[in-house]
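Report on the structure given below.
The values are calculated or read from the model by the stated rules, or taken from the named source; none is laboratory data. Note that the coordinates shown come from a computational prediction; the quantities given were computed from them, not determined experimentally. FYI the Cβ positions are ideal-geometry reconstructions off the backbone, even for glycines, and counts take in every protein chain you see. Accessible surface is based on the protein model in full, side chains and every heavy atom, while ligands, DNA and RNA are left aside. Shrake-Rupley method; radii C 1.70, N 1.55, O 1.52, S 1.80 Å.
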Amino acid sequence: MVRALIWKELREHLWTVLALCLCLVVLKPSLPHLAPEPWLLGQQNHDIAGRLVRTLLAIYAVLLGAHTFGYERSRGTLAYLLTRPVDRRVVVGVKIFVSVLLLVVGGAISTLAINDTRGFGWDHTTIRVLKASLPHFSALVLLTECATVVSCFGGTVAASLVGGSALCLVLVVVFKVLSLGHEAGVPTCLLSALGLSLITMRVQQNAPFSGWRKKAWLTAKTMVPAVALVGAGLFVWNLYLTLFPGPMGAEIVRVAPEGLYVTGWTLRPPLGCLSQCRSYRVDWEGTATRWLKFRNVRVLSVSPDGRYLLAEDFRGLLGFGELRNDVVVLRSDGTECHRISGRERFIDFAWGSSGSKLAFYARQLLWWTGPYQNSMTSNAMLLPFEFDPYDGPRFELRVLTLSSGEVVSVPFEPSVGDREAFSRILSFDDRANTLRLQLHVPSLESMPIVKIGLNGKVIEERTSPKNSVVLPADWFEIESSRNRDWMVLKRQKGPQKAWPFSLGTYKLSLALVHKPSSNETQTVTVSSPDPKDVFFETVIDTEAENLADGRLPNEPQVFWSERYGAFLILTDWTKVQSISPQDRILKERFTIRF
Amino acid sequence: MTKAIEVSSLSKSYSGRSVLKELNLSVHEGSVYAFLGRNGAGKTTLIKILLGLLDFEGGQSLVLGLDPVNDGQRLLRQIGYVSEDHAHYEWMTAGELIRFTSAFYETWDTRLADHLSRRLDLRGDRTIRKMSRGEKAKLSLLLALAHRPRLLLLDEPTAGLDAVVRRQFLEETIDLIAEEGRTIFFSSHLIDEVERVADYVGILSRGSLVVETPLASLKDSFRSVKAVFSHETFSVRPPPGVFGFRRFERYVLFLVDAYDERIKRELTTQGADRIEVEPMSLEDIFVELTRGEA
């Protein structure tokens, strides 16, 4: 009997699977055109093609759920099936089993068909577009379950599709916005899926297939205790974390003269959600004190004198991502000094050499596919942005006097390039009132560097090749010393493929190398690190899904410290070590005590 | 005689609209029971309740001595059900559907299924989507009979079939079932087919059974009584035992069960000049009993 039911379900779902395959066949040739730019290969978080495939799988998941009873109802065969002498739990169980099985099959087909697509125009590189993972799969199961529940309630396929998606959204809002356990994404997803499965079965066992009031009552009767149980557990868990934060980790670190500004986390969900972060200030002894209690801010940069901080104010976006709300200048005590942008904008900035002024510009982004804190590192990388050309003048370069809050516009408009040209602020000498800008014009081979006064007049103009620093293959610069003669490079190898959850190992190496020259007008070639240059190596087990902005979870952070004249390295979320160019020996400095 | 179906004080409503009101009904084992009512009267609702597909607000229903809600699985093993729409998995062939259905029944008789298939002229390799409505009805009958059920529930099985197929369907059903002494409970609003096959008739009107009796006695006892008056009829009162009446200017038509001297005397007392008593067809009885029902 069960075999007959499984056979029927598989045959009925055949067209759904074929539709998925057809979509993949159509999608595959177009994927290379949607794949990210070559310089973003390390930035796997922004893969458009992967998102497309995941969206396709999400639709497929809802369709499977809606199909569970919706198809029978639409065809009028439900009464036929339910008048056979079979336990309804078996019927529902088989339907859910087949749905989940086909979800796995769909995921496998998508992975095999789409993954490892060759990028358009650079066929030497393989782009991973699909990152199957347990949380991702749980979310798909949740979608299927939601649509199944709706289809149980008299919905046809179309109604179940809409209703299931809405129900899933409601659950996500409940779990995420109300902070019900969104620190622990995987258990939430699994619990939800399991709970919904049980509820579905319970409903089917007790309630007949019509009489919506009775069904709603029975469902409420069974759902309320289940939801209350899960909700109460998550609430207690959150309460516990609030009262006893547990082991904290330093996620984002910025160096200031008097210590470190740290964004700390208690747990790290697969998708970063800044509403869970807390801001700390850490002295050079390693003692952390809560700096900002309630604001979800991430410190971008600290002024050279340590009196001001540039910070991003984030807001959780229903748990799916983060919306940058504002960029603000804060005083070191955490109070707001000046608000720079009130919209989702790209900010580039440079502190004045004395720390009394800040040069910046903010522009509306049309599309953003890469890292935006270009001034946090001083390496001359290309910035993969697309600006909105209709959003006012190109630069809107301004200078803020930090003590008074006075803002002065710098009337500068580059004479070269097209609409997509933009500039980076390389440095700001607030004593001489001069700014050094590097212009990026996609159509030009060079990147002109101009020195201008605050009146917008060009004082000096030079050209620099685009690739002013040529790094050895596989190595990426992650930090430079203040005068840019030493740099720390990173190499990340892996992971080994292991479907379905892409569990694999990455080998991470850090090397301290000398940069021959810092003359920006020349192309500088950095030699490949000697094995003795590699001062730190580690192996990190992770899911591919957990790569945020191309970074591995618990990846060591490296930052230059003037105080020590050395690079500081944060490992294991709390341990701070240092390595100086002079002795090139890794030393323990302190452990952050939250 | 044991009861195949026993329903007492059964009530069911949809969104506040009462469909079945305190319904009482009993079907003897081995009988062919025709359950009559107009469209939307609640015939399908009752059959779904008997199958355990619907819950109800009040009362009790026992089918073959079992509670359809709590003993659904045991009960469904002993029931054959043919729905009004003959909805099957259209992508299957007849043979696939027969094999699929057989997986649910331990008592499935493959030889009987083959025999029925030949007798009903069904081709196993034919996709259901391509079948005519008559063929689908025959397939439904085969699926309902091949596990040798004790009770056959037919919900308007011949609706939408032409006269020839309808007659064939009913004859086959009766032939196949009657020889083994099984019970048939079928709903219909087609009177001629009922007259041909039913032993018992129940007529549902406004949520209740207005008549439940052997067909023969129904036709014997129901009479149309025309009482002609020389004066206006607005003051004429219906005598006791009258099911319904219609008033005209000079005469009144009464529908009575068991016409007798008492009724005649009552009408004469009220000034009837002439009384004409005529036997009624089942269709006339049905129309008169369900007249005015929404």
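For B:S26, the stated conditions do not hold, so it cannot be described as facing chain A (nearest Cβ under 10 Å), farther than 15 Å from B:V82 by Cα and part of a strand (DSSP E or B). Kindly indicate which of B:L170, B:L97, B:L154, B:L143 is away from every other protein chain (no Cβ under 14 Å), crowded, with 17+ Cβ neighbours inside 10 Å, in contact (Cβ under 8 Å) with a residue 12 or more places away in the chain and of a type outside the set (G, A, S). Sole residue among the options that is away from every other protein chain (no Cβ under 14 Å), crowded, with 17+ Cβ neighbours inside 10 Å, in contact (Cβ under 8 Å) with a residue 12 or more places away in the chain and of a type outside the set (G, A, S): B:L170. Looking only at residues in segment A:77-106 that are over 24 Å from B:Q78 (Cβ atoms) and either open to solvent by 10 Å² or more (accessible area, probe 1.4 Å) or of a type in the set (D, E) (or both), the one that is farthest from the other protein chains (Cβ to nearest Cβ) is A:V104. Taking segment A:33-124 as the region of interest, the helices (runs of 4 or more DSSP H) fully inside it that hold 1 or more residues being under 30 Å from A:V470 (Cα atoms) and at pLDDT below 80 are A:48-75. Taken as a whole, the condition of being part of a loop (DSSP other than H, G, I, E, B) and either open to solvent by 40 Å² or more (accessible area, probe 1.4 Å) or out of contact with any Lys or Arg (no Cβ under 8 Å at 6 or more places or on another chain) (or both) applies to B:E232.
Checking the structure you have, find out if any residue of segment B:108-130 is within 21 Å of the chain's Cα centre (by Cα) and under 25 Å from B:E180 (Cβ atoms). Scanning segment B:108-130 turns up no residue that is within 21 Å of the chain's Cα centre (by Cα) and under 25 Å from B:E180 (Cβ atoms).
Could you look through segment A:466-481, keep only residues that are within 22 Å of A:A350 (Cα to Cα) and touching an Asp or Glu at 6+ places or on another chain (Cβ under 9 Å), and pick out the one that is modelled with the lowest pLDDT? Restricting to residues being within 22 Å of A:A350 (Cα to Cα) and touching an Asp or Glu at 6+ places or on another chain (Cβ under 9 Å), the top hit is A:K466. Filtered by the rule that a residue be touching a helix residue (DSSP H, G or I) at 6+ places or on another chain (Cβ under 6 Å) and aliphatic (A, V, I, L, M), segment B:213-255 gives B:A227, B:L255.
Inside segment A:424-452, residues that are part of a strand (DSSP E or B) and modelled with pLDDT of 80 or more make up a count of 13. Between B:S132, B:S205, B:S117, the distinction of being within 19 Å of B:G80 (Cα to Cα), more than 14 Å from chain A (Cβ to nearest Cβ) and of a type in the set (G, A, S) belongs to B:S117 only.
Condition test on B:A34, is it within 15 Å of the chain's Cα centre (by Cα), more than 9 Å from every other protein chain (Cβ to nearest Cβ), open to solvent by less than 10 Å² (accessible area, probe 1.4 Å) and within 15 Å of B:K12 (Cβ to Cβ)?
Answer is no for this residue.
Where in segment A:482-594 are there strands (runs of 3 or more DSSP E), lying wholly inside it, with at least 3 residues that are at pLDDT 90 or above and open to solvent by 40 Å² or more (accessible area, probe 1.4 Å)? Those strands (runs of 3 or more DSSP E) span A:587-591. If you go through segment B:113-140 and keep only what is open to solvent by less than 10 Å² (accessible area, probe 1.4 Å) and farther than 24 Å from B:A34 by Cβ, you end up with B:A113, B:I128.
Scanning segment B:49-76 for residues that are at the interface with chain A (Cβ under 8 Å from one of its Cβ atoms) and open to solvent by 60 Å² or more (accessible area, probe 1.4 Å) returns B:V69, B:Q73, B:R74. When each of B:G241, B:G202 is tested for being touching a strand residue (DSSP E or B) at 6+ places or on another chain (Cβ under 7 Å), small (G, A, S) and touching a residue at least 60 places away in the same chain (Cβ under 8 Å), the lone residue that passes is B:G202.
What about B:K21, is it assigned to a strand (DSSP E or B), among the basic types (K, R) and open to solvent by 10 Å² or more (accessible area, probe 1.4 Å)? When the stated conditions are applied, B:K21 passes them. Note on segment B:235-278: residues that are open to solvent by less than 30 Å² (accessible area, probe 1.4 Å) and of a type in the set (F, W, Y) total 1. B:K43 meets the conditions (1) at pLDDT below 90; (2) among the basic types (K, R); (3) open to solvent by 30 Å² or more (accessible area, probe 1.4 Å) in every case but one. The failed one is (3).
Condition check ((1) within 23 Å of B:R133 (Cα to Cα); (2) more than 9 Å from chain A (Cβ to nearest Cβ)) across all residues:
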| residue | (1), (2) |
| --- | --- |
| B:Q78 | no, no |
| B:D85 | yes, no |
| B:E90 | yes, no |
| B:T93 | yes, yes |
| B:T101 | yes, no |
| B:Y105 | no, no |
| B:W108 | no, yes |
| B:R111 | no, yes |
